[in-house]
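These notes are about the structure you will find just below.
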Amino acid sequence: MWQELRTELHPAGLEIVTVALDTGGAEAARPWIEAAKPEHPALIDQAHVVDEMFGIVNVPSGVWIDEEGIIVRPPETAFPERTRFRDRPIPTDAPPGLRHRLELAKGIRVEPEKYIAALRDWVAHGSASRYALSPDEVLRRVGPRPMDAATAAAEFELGQHLYRLGRTDLAVGHFRQAHRLQPDNWTYRRQAWTLADPDQGPTDIYDSDWVRDVERIGPEHYYAPLEMG
Amino acid sequence: MILEQLQVAPDDFEQRTGWSIKPQGACKGEMCVPLPPRKDVLLDVRVVADRLGMPLVADEPTGLWSLGPEASGQVLTSVEAPDLALPDLDGRVFHLRSLRGSKVLLLAWASW
């Protein structure tokens, strides 16, 4: 998906760098990367360093960086295209659990057309593009890091470290703390749920799961609307 | 930053947190936070964490510590992109800085 856009925009001066936020490391991301056959750098962030560095709270998130290494758009939801399942009817023979999950997923707001149009404009016009934000606006949008969010980052990192050491029994408590301290961080929740159940479904060890939390906030609030001005 | 002990080398601290230890204190970009004088080459993480407003979380059964990012400030202290260095599938480390001169779309995704 991103490779097509890379083929289009690389001659005009854009490079794409994908970063897989995966506690499971290269092996978790490998099937997707090998299928995509990217010509661009496709990196692995096993420790979720990028989340903390840029303030990313869900995926996919895109950050724009100009030729001088200056961030001109902070993290925001970045879909390259409208995923095809959204426009297809849900199969009538789908089990009720799956049907409900698909209904919720269809209700999630995604705005790939808007995002990609803005990206093309920036690649063509650089700092003259109205989508390239001023430093003050970039910093305003990223916002402050309260103590709870900083502590959540420390707890999440500890949870991941313990998980990789094979101490899942100890990791869970730190993941739960991270979830409690920064409830709007979907990355922390989805990653931890996945380690307990690949479908991010209900388990005995977490108080929430993907379906329950998306129901709670409403699928339309799963991603913040793009502020393209 | 995962720690097995609360004394760390200044270079390790800088590599992981972005704060460099200078005579005038702990510095990031144009900001410097004074630190008390130290007798040892190593940093006492508790002191630095307190001065910089970084949370320090313990895992008692293993004796490990985790130092979080500084709180009460901005997530980004500057619009200059941090020099991200991460491996690809084959373990080769790529530096974001090597793309100076190009526009970059940094895209975070996940397999889950």
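Residue-by-condition table, conditions (1) small (Gly, Ala, Ser); (2) assigned by TED's automatic domain parsing to the domain that holds A:VAL72; (3) part of a loop (DSSP other than H, G, I, E, B):
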{"residue": "A:ALA105", "(1), (2), (3)": "yes, yes, no"}
{"residue": "A:ARG109", "(1), (2), (3)": "no, yes, yes"}
{"residue": "A:TRP122", "(1), (2), (3)": "no, yes, no"}
{"residue": "A:ALA153", "(1), (2), (3)": "yes, no, no"}
{"residue": "A:ARG176", "(1), (2), (3)": "no, no, no"}
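Would you point out which residue out of A:ILE70, A:ILE16, A:ILE56, A:ILE90 is over 19 Å from A:LYS114 (Cβ atoms), under 19 Å from the mean Cα position of the chain (by Cα) and in the same structural domain as A:LYS114 (by TED's automatic domain parsing)?
Just one listed residue meets the conditions, A:ILE56.
Name the one entry in A:ALA196, A:ALA150 that is crowded, with 16+ Cβ neighbours inside 10 Å and either at the interface with chain B (Cβ under 10 Å from one of its Cβ atoms) or under 17 Å from the mean Cα position of the chain (by Cα) (or both). It would help to see each step written out before you state the result.
On the way: A:ALA196 fails: either at the interface with chain B (Cβ under 10 Å from one of its Cβ atoms) or under 17 Å from the mean Cα position of the chain (by Cα) (or both).
Exactly one of A:ALA196, A:ALA150 is crowded, with 16+ Cβ neighbours inside 10 Å and either at the interface with chain B (Cβ under 10 Å from one of its Cβ atoms) or under 17 Å from the mean Cα position of the chain (by Cα) (or both), namely A:ALA150.
The conditions are (1) touching a helix residue (DSSP H, G or I) at 6+ places or on another chain (Cβ under 7 Å); (2) more than 7 Å from chain B (Cβ to nearest Cβ), and A:PRO91 fails exactly one of them. Which is it?
Evaluating A:PRO91 over (1) touching a helix residue (DSSP H, G or I) at 6+ places or on another chain (Cβ under 7 Å); (2) more than 7 Å from chain B (Cβ to nearest Cβ) leaves (1) as the failure.
Would you check if A:ASP45 is closer than 15 Å to B:ASP88 by Cβ and modelled with pLDDT of 95 or more?
On the way: closer than 15 Å to B:ASP88 by Cβ: yes; modelled with pLDDT of 95 or more: yes.
For A:ASP45, the condition - closer than 15 Å to B:ASP88 by Cβ and modelled with pLDDT of 95 or more - is met.
Could you list, ordered by first residue, the pairs with Cβ atoms under 7 Å in which the first is in the stretch A:52-80 and facing chain B (nearest Cβ under 7 Å) and farther than 22 Å from A:ALA192 by Cα and the second is surrounded by fewer than 20 Cβ atoms within 10 Å (Cβ to Cβ) and among the acidic types (Asp, Glu), at least 6 apart or interchain?
Hits for this filter: A:GLY69/B:GLU80; A:ILE70/B:GLU80.
Show me the strands (runs of 3 or more DSSP E) entirely contained within the stretch B:26-103 in which 3 or more residues are more than 9 Å from every other protein chain (Cβ to nearest Cβ) and under 17 Å from the mean Cα position of the chain (by Cα).
Of the strands (runs of 3 or more DSSP E) lying wholly inside the stretch B:26-103, those with at least 3 residues that are more than 9 Å from every other protein chain (Cβ to nearest Cβ) and under 17 Å from the mean Cα position of the chain (by Cα) span B:31-33.
Here is a check on your reading of the model: is A:SER127 closer than 26 Å to B:ARG97 by Cα, without any contact (Cβ under 8 Å) to a residue 24 or more places away in the chain and among the polar types (S, T, N, Q)?
For A:SER127, the condition - closer than 26 Å to B:ARG97 by Cα, without any contact (Cβ under 8 Å) to a residue 24 or more places away in the chain and among the polar types (S, T, N, Q) - is not met.
Within the group B:ARG16, B:ARG46, which residue is under 24 Å from A:GLN160 (Cα atoms), surrounded by fewer than 17 Cβ atoms within 10 Å (Cβ to Cβ) and modelled with pLDDT of 95 or more? Working first, answer last.
Values: B:ARG16 fails: modelled with pLDDT of 95 or more.
Selected residue: B:ARG46, the only one of B:ARG16, B:ARG46 that is under 24 Å from A:GLN160 (Cα atoms), surrounded by fewer than 17 Cβ atoms within 10 Å (Cβ to Cβ) and modelled with pLDDT of 95 or more.
Going by what's in this entry, would A:ALA26 be described as of a type outside the set (D, E, K, R) and either farther than 12 Å from B:TRP109 by Cα or in the same structural domain as A:GLN160 (by TED's automatic domain parsing) (or both)?
When the stated conditions are applied, A:ALA26 passes them.
In the stretch A:18-44, what residues are in contact with a helix residue (DSSP H, G or I) (Cβ under 8 Å, 6 or more places away or on another chain), closer than 28 Å to A:THR168 by Cβ and in a helix (DSSP H, G or I)?
Listed by number, the list is empty, since nothing qualifies.
The values are calculated or read from the model by the stated rules, or taken from the named source; none is laboratory data. Quick caveat: nothing in here was measured; it's all calculated off a predicted structure. Glycine also receives a Cβ, built like all others from the backbone with ideal geometry; neighbour counts cover every protein chain displayed.
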